[in-house]
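The structure under discussion appears below in the form of structure tokens.
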Amino acid sequence: MRPARVVVVGHGMVGARFVEELVERVAGTPAGARAVEVTVLGAEEYEPYNRVLLSEVVAGKVDVASLTLPRRDVAGVRVLPGVAAYAVDRERRVVLADDGSSHAYDHLVLATGARARVPALAGLAPGGPLPAGVHALRTLDDAREIVAATVNARRAVVLGGGVLGLEAACGLARRGLRVTVVHGGPHAMDRQLDADAGHVVGRGLTALGVDVRADAAAEGVVLDGGRAGGLRLGDADDGVVPAELVVLTAGTEPETALARAAGLAVGRGVLVDRTCTTADPRVHAIGDCAEPPEGGTGLVAQGWDQARRLATRLAAELTERGAAP
């Protein structure tokens, strides 16, 4: 009986955790590690890293190397960094990658995560590249680009007053920039805090030199020679907030394009049942890209729990039955 072939698309915090959990459980069975072959496709060039700490990179509190998560080489696991999946042929059970390779699977695990949500603003082309001086904060490259941009910027605008936005704003202020947070809600962190607590946070930000514009509607990015020159607010607000650096922290959107193109059911995320399985029993989704019955929280703890549960089930199934013909 040949080893069961498991292909994982996504080598972030959740995808990497799933591989660790699966290998650990398979190794503890009578069939041993030889029962499974795992191929991991990671669109980013890097080892898995802690996205939660990206704002700390912006603040200069940690260096990039400290974000890398420990990973050991394991027999039967092949990791392909910088190789992105672009199509899934579910009939033939094959994943096609942008380097020209193809990867047959018995089980496919989608851990494609989420991308930064780019709001519909004048000056930002839908689906196109961001203008110079405008950056989202979702990946390691994003954090590096923001840090590089602070060298020639005196003023920054952060669009979004949630946790990530405030962390980014504080980090930029520590680098000596004049920072304004523009937030559409009634107060900073309105999804996490009531009004009184939100105002306390606002006073703390003011003490750090960060100006918070709550209940403000952003209409567009002001461009000067193709570069960011500020953020235009609605008529009821104060016109334009000048800035050479605009940071978008307006939430995330599950990365579902691969699943949708493969004909899988997609809501906000890839629809899965309580076992993290799609309507195709050979295809699973975990982490930010998945939409389980209880809904996605956007927290890595939920993704890690999904990784553990799916790994436990697949390890038992694959080592007991072997790969399907």
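The values are calculated or read from the model by the stated rules, or taken from the named source; none is laboratory data. In this text, all values refer to a predicted model and were calculated from it rather than measured experimentally. Because the Cβ atoms are built from the backbone with ideal geometry, glycine has one as well, and the counts that use them run over all protein chains shown. Please note that ligands, DNA and RNA were not included when accessible areas were found on the heavy atoms of the full protein model with its side chains. Shrake-Rupley method; radii C 1.70, N 1.55, O 1.52, S 1.80 Å.
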inquiry  = Considering only the stretch 46-57, I want to know if a residue exists there that is part of a loop (DSSP other than H, G, I, E, B) and on the phi > 0 side of the Ramachandran plot.
reply    = no
request  = Kindly indicate whether Glu37 is in a strand (DSSP E or B) and open to solvent by 40 Å² or more (accessible area, probe 1.4 Å).
outcome  = yes
message = Going by what's in this entry, would Asp190 be described as part of a strand (DSSP E or B), farther than 19 Å from Gly133 by Cα and acidic (Asp, Glu)?
response = no
request  = Sort out which residues of the stretch 300-325 are open to solvent by 10 Å² or more (accessible area, probe 1.4 Å), within 19 Å of Met13 (Cβ to Cβ), touching a residue at least 60 places away in the same chain (Cβ under 8 Å) and of a type outside the set (D, E, K, R), and write them in order of number.
outcome  = Val300, Trp304, Thr312
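One line per residue, one yes/no per condition, for (1) part of a loop (DSSP other than H, G, I, E, B); (2) at pLDDT below 95; (3) assigned by the TED database to the domain that holds Ala243:
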{"site": "Val88", "(1), (2), (3)": "no, no, no"}
{"site": "Val95", "(1), (2), (3)": "no, no, no"}
{"site": "Gly100", "(1), (2), (3)": "yes, no, no"}
{"site": "His103", "(1), (2), (3)": "no, no, no"}
{"site": "Ala120", "(1), (2), (3)": "yes, yes, yes"}
{"site": "Leu124", "(1), (2), (3)": "yes, yes, yes"}
{"site": "Gly128", "(1), (2), (3)": "yes, yes, yes"}
{"site": "His135", "(1), (2), (3)": "no, no, yes"}
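Would you pick out the residues in the stretch 19-56 that are under 10 Å from Val77 (Cβ atoms) and at pLDDT below 85? If you could, list the steps in order and put the result at the bottom.
Of all residues in the stretch 19-56, those under 10 Å from Val77 (Cβ atoms) come to 19-20, 22-23, 33, 36-40.
Of everything in the stretch 19-56, just one residue is under 10 Å from Val77 (Cβ atoms) and at pLDDT below 85, namely Ala33.
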remark   = From the option list Val247, Val210, Val241, single residue qualifying as within 30 Å of Ala149 (Cα to Cα), without any contact (Cβ under 8 Å) to a residue 60 or more places away in the chain and open to solvent by less than 40 Å² (accessible area, probe 1.4 Å) is Val210
key: Options Thr256, Thr297; residue that is open to solvent by less than 20 Å² (accessible area, probe 1.4 Å), closer than 29 Å to His135 by Cβ and among the polar types (S, T, N, Q)   = Thr256
